[in-house]
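**Student:** The structure under discussion is supplied below as structure tokens; questions concerning it will follow.
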Amino acid sequence: MTTQMRWLALIGTLMIVAGLGLALFNEPARQVAAAASLHMAMVAEGTDLYAQNCVACHGASGEGIAAYPPLTTAAAMDAQLIYNTIDRGRYNTAMAAFGVDEGGTLTAMQIDSLVVALQADTWDTVAARVAELGLTPPQITVAEIPAETFTLVATMPNGAALSAGLTVYAENCAACHGANGEGSTLAPALNTDELRVRLSDADIARIIQEGVPGTLMASWVAALDPAEQQAVVALIGGWGELNAAGVTLPVIEAAPLDTSPQAIANGQRLFGLLCTQCHGVDGYGSPIAPALNNQTFLSETPDAAIQQIIAGGVTGTSMPAWGGYLTDADIAAITVYLRSLQATAPIIAPAQP
Ligand code: HEC
Ligand code: HEC
Ligand code: HEC
């Protein structure tokens, strides 16, 4: 072998080694790129599944709606625990089992994607996607407390606790129990002497902590910290003093609804598609679900309450929560459609609870 040939051989070997090195170096890079694109695909799929199945309770940004817990700490949670929660649900809570093997609709791969999406911690992107799909749930109605009310309450004995309680109440409870605790078609009054005689502070605290299973009254432990729970207990216990001092809060005004013929027609179409199988044609009722084309129901139930029932469903019954499937505008359209039936609705005795 000449010196020149040796050199060529050496260069050749070096080139092969370098090439191999490059290939070796490239292999993990390729794997990393593949894993990254799989991860992105799972986040995208999981985000859409979240929008379609979860926003009604956990919120468009994972912030948790009303008494439902936030999921914004999912990145720090154990992935297997999240998987099991979605797959099997949580016994005796509104968190249903979504896994196909448990009677739900999601496959194991879809639940895997949900777990990856929740742990990706990209809640701004999730909220944007939810909005893009038109699935942002309706806002929970919040009562406004005027500054003068706080000033008046502050002068009362126990004023600090009562003010704190009013704030918690206005934000979380007024939509169902009424701005002044007077009750609504959704929930009983909380401002009566009768209630204060029947329930001790400990009883009230327990109801707030545990909720009343099978009713719209959820457990509030995830949404309210112990101080907030205590404040609202003090408010309910002290409502007699508020009544005596003449403290009243403005009644919640529902946002004006689009009552155009197009909105009513859209509501009628949606009702035909989604509601007649249970509530009967034109809402006349069926053995499975009560009549909505019903003078008593329509005249006693304000628009805001109808929207809230449609969005939130009725826990413990077959009435689904539509907030995750229908937009705000769709729910409003169904509400104006139901309202349009009121003029001719038959008088039907209210269903017994
Ligand atoms: C009807 C309301 C509702 C819907 C819809 C819902 N959840 Fe939940 N979820 C809950 C409630 C209530 C809890 C708290 C259960 C408990 O007390 O342990 C919960 C808990 C969870 C938890 C555990 C949180 C923790 O801190 O331990 C995860 C994770 C979760 N849900 C994910 C989902 C996902 C994903 C979806 C959609 C596929 C979904 N949920 C749909 C009501 C709901
Ligand atoms: C989505 C509607 C809804 C919201 C919001 C709501 N509740 Fe209730 N609440 C109900 C219903 C319905 C009942 C009646 C349950 C039953 O049939 O026993 C109830 C019952 C109660 C009772 C027992 C009343 C009695 O006479 O036995 C208390 C106390 C109470 N709620 C407090 C609260 C507080 C405090 C909040 C806010 C932190 C709140 N609720 C938010 C629907 C709601
Ligand atoms: C799978 C059956 C089912 C479907 C589908 C269904 N509902 Fe219901 N709905 C019920 C049941 C059952 C109740 C009664 C719950 C209870 O016991 O309080 C109910 C109650 C209601 C109520 C409260 C009635 C009252 O008297 O308090 C309204 C409003 C309502 N549904 C609207 C709708 C709308 C709008 C749709 C379609 C978007 C719909 N429901 C679809 C089963 C259903």
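The values are calculated or read from the model by the stated rules, or taken from the named source; none is laboratory data. These numbers were taken from a predicted model, which means no experiment stands behind them. Neighbour counts are summed over all protein chains in view; Cβ atoms, including those assigned to glycine, are modelled from backbone coordinates with ideal geometry.
**Student:** Any residue at all in the stretch 197-208 that is of a type outside the set (D, E, K, R), under 24 Å from THR327 (Cα atoms) and not assigned by TED's automatic domain parsing to the domain that holds ILE310?
**Tutor:** For the stretch 197-208, residues of a type outside the set (D, E, K, R), under 24 Å from THR327 (Cα atoms) and not assigned by TED's automatic domain parsing to the domain that holds ILE310: absent.
**Student:** Okay, moving on. Among the residues of the stretch 111-124, is any without any contact (Cβ under 8 Å) to a residue 24 or more places away in the chain, outside the structural domain of GLY313 (by TED's automatic domain parsing) and away from ligand 3 (no atom under 16 Å from the Cβ)? Give the derivation first.
**Tutor:** The initial filter retains those residues of the stretch 111-124 that are without any contact (Cβ under 8 Å) to a residue 24 or more places away in the chain, namely none.
For the stretch 111-124, residues without any contact (Cβ under 8 Å) to a residue 24 or more places away in the chain, outside the structural domain of GLY313 (by TED's automatic domain parsing) and away from ligand 3 (no atom under 16 Å from the Cβ): absent.
**Student:** Further question on the same structure: So PRO69 fits all but one of (1) away from ligand 2 (no atom under 16 Å from the Cβ); (2) over 24 Å from SER37 (Cα atoms); what number is the exception?
**Tutor:** So PRO69 meets the others, but not (1).
**Student:** Would you point out which residue out of ALA74, ALA143, ALA97, ALA60 is in contact with a helix residue (DSSP H, G or I) (Cβ under 6 Å, 6 or more places away or on another chain), modelled with pLDDT of 95 or more and of a type in the set (Gly, Ala, Ser)? Break it down into steps so the answer makes sense when it comes.
**Tutor:** Values: ALA143 fails: modelled with pLDDT of 95 or more; ALA97 fails: modelled with pLDDT of 95 or more; ALA60 fails: modelled with pLDDT of 95 or more.
Selected residue: ALA74, the only one of ALA74, ALA143, ALA97, ALA60 that is in contact with a helix residue (DSSP H, G or I) (Cβ under 6 Å, 6 or more places away or on another chain), modelled with pLDDT of 95 or more and of a type in the set (Gly, Ala, Ser).
**Student:** Just give me the residues in the stretch 235-267 being small (Gly, Ala, Ser) and away from ligand 2 (no atom under 11 Å from the Cβ), in sequence order.
**Tutor:** Applying the first criterion (small (Gly, Ala, Ser)) to the stretch 235-267 yields 237-238, 240, 244-246, 254-255, 260, 263, 265, 267.
Within the stretch 235-267, GLY238, GLY240, ALA244, ALA245, GLY246, ALA254, ALA255, SER260, ALA263, ALA265, GLY267 qualify.
**Student:** Can you spot a residue in the stretch 77-95 that is crowded, with 16+ Cβ neighbours inside 10 Å, free of Cβ contacts under 8 Å to residues at least 24 places away in the same chain and within 16 Å of ligand 3 (Cβ to nearest atom)?
**Tutor:** Taking every residue of the stretch 77-95 in turn, none turns out to be crowded, with 16+ Cβ neighbours inside 10 Å, free of Cβ contacts under 8 Å to residues at least 24 places away in the same chain and within 16 Å of ligand 3 (Cβ to nearest atom).
**Student:** Then there's this: Checking THR13 against (1) exposed (fewer than 14 other Cβ atoms within 10 Å of the Cβ); (2) within 11 Å of ligand 1 (Cβ to nearest atom); (3) at pLDDT below 90; (4) among the hydroxyl-bearing types (Ser, Thr, Tyr), which test does it fail?
**Tutor:** Unmet for THR13, out of (1) exposed (fewer than 14 other Cβ atoms within 10 Å of the Cβ); (2) within 11 Å of ligand 1 (Cβ to nearest atom); (3) at pLDDT below 90; (4) among the hydroxyl-bearing types (Ser, Thr, Tyr): (2).
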